[in-house]
Amino acid sequence: MKRWGFAICLVALAAVVLVAAAPAYAQVSRELIRNGDFTGVTEWSFKGECAIWRSNSDQTNEWVEVLVPRCSGNIQLAQQDLALKADTAYRLEFSGASSVGHDLAVLVTTQQAPNEGLGLDAVCDFQSAAAEQPISWESCTVDFKTPEAQQLRTQAQLRFWLTPFARADDLYRIDNVSLMEVGEPVDLNQCTCR
């Protein structure tokens with residue numbers, strides 16, 4: 001009987017040691033964007049009287065493409081019904097390209113007018129493509145923090161806003177959109193594209 005008691009104590013002690021020695025991993029937030037890889041254009045809304053929106057692809061990838069033949073109106077790509085937490089840090093990542101290096105703005109706002117800001121309001125600066133060169137993809141990242149709870153009353157929407165930057169004959173591409181909660185934000189509202 002003493003042997004069994006001793007063996008049980010050893011097993012219990014080994015279990016405690018194993019649990020104590022296990023590395024602590026940061027909890028990974030769930031992805032908030034639906035269809036961020038643009039397999040078709042479901043889950044996204046397009047606004048722009050002067051733009052042509054289309055889903056495009058090659059043999060390995062799909063993306064959304066915006067062609068601006070003439071520009072005089074509101075041009076934006078949006079995803080609504082994002083369930084964001086109040087007073088929380090998030091990271092938006094996406095791949096983007098512009099045929100002539102024109103910028104675009106990324107915003108998180110309320111869905112209802114007057115589309116109040118919910119923490120993200122940044123401009124992403126694309127590099128100009130060299131003449132006769134295909135436009136190249138850039139990976140963009142921006143961190144932001146949502147406001148206090150009393151300000152976060154409605155569902156949020158992510159907006160890619162081209163209006164103040166797009167000109168006639170511009171071509172924009174967007175793909176691999178991801179929005180996740182992060183522990184510590186880096187450089188709030190500073191969009192970095194590489």
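Determine ³J(HN,Hα), in whole Hz, for all residues of region 107-117 in sequence, where each value follows from phi through the Karplus function 6.51 cos²θ - 1.76 cosθ + 1.60 and θ = phi - 60°; x replaces Gly and Pro.
So the Karplus estimates, Gly and Pro as x, are 9, 10, 9, 5, 7, 8, 4, x, 6, 5, x Hz.
Net charge near residue 58, counting Lys/Arg +1 and Asp/Glu -1 over other residues with Cβ under 15 Å of its Cβ?
-2
Which whole-Hz ³J(HN,Hα) couplings does region 180-192 yield from phi under the Karplus relation 6.51 cos²θ - 1.76 cosθ + 1.60, θ = phi - 60°, glycine and proline marked x?
Once rounded to whole Hz, the list reads 9, 6, 10, x, 10, x, 10, 6, 3, 6, 10, 7, 10.
Near residue 182, within a Cβ-to-Cβ distance under 9 Å, what is the net charge of the other residues, with Lys and Arg +1 and Asp and Glu -1?
Its environment carries a net charge of -2.
Collect residues whose amide H, placed 1.01 Å from N in the peptide plane, falls under 5 Å from the amide H of residue 120; neighbours closer than 5 in sequence don't count.
For residue 120, the qualifying residues are 108.
Tell me, what is the percent relative contact order of region 50-119, built from C-alpha pairs under 8 Å that lie six or more residues apart?
It rounds to 20 percent for region 50-119.
If I take R0 = 22 Å and measure r between the Cβ atoms of residue 31 and residue 56 in this structure, what FRET efficiency does the formula 1/(1 + (r/R0)^6) give, to the nearest 0.05?
0.45
Once amide H atoms are built 1.01 Å from N in the peptide plane, which residues 5 or more positions from residue 191, or in another chain, come under 5 Å H to H?
123
Could you run the Karplus curve 6.51 cos²θ - 1.76 cosθ + 1.60 with θ = phi - 60° over region 171-177 and give me ³J(HN,Hα) per residue in whole Hz, x for Gly and Pro?
Whole-Hz 3J(HN,Hα) from phi for region 171-177: 10, 10, 10, 9, 7, 6, 7.
Since every read-out is calculated from the coordinates, none of them should be taken as a lab result. Fair warning: this is a prediction, and the values are worked out from it, not measured in the lab. No Cβ is skipped: glycine too gets one built from the backbone with ideal geometry, and neighbour counts run over all protein chains shown.
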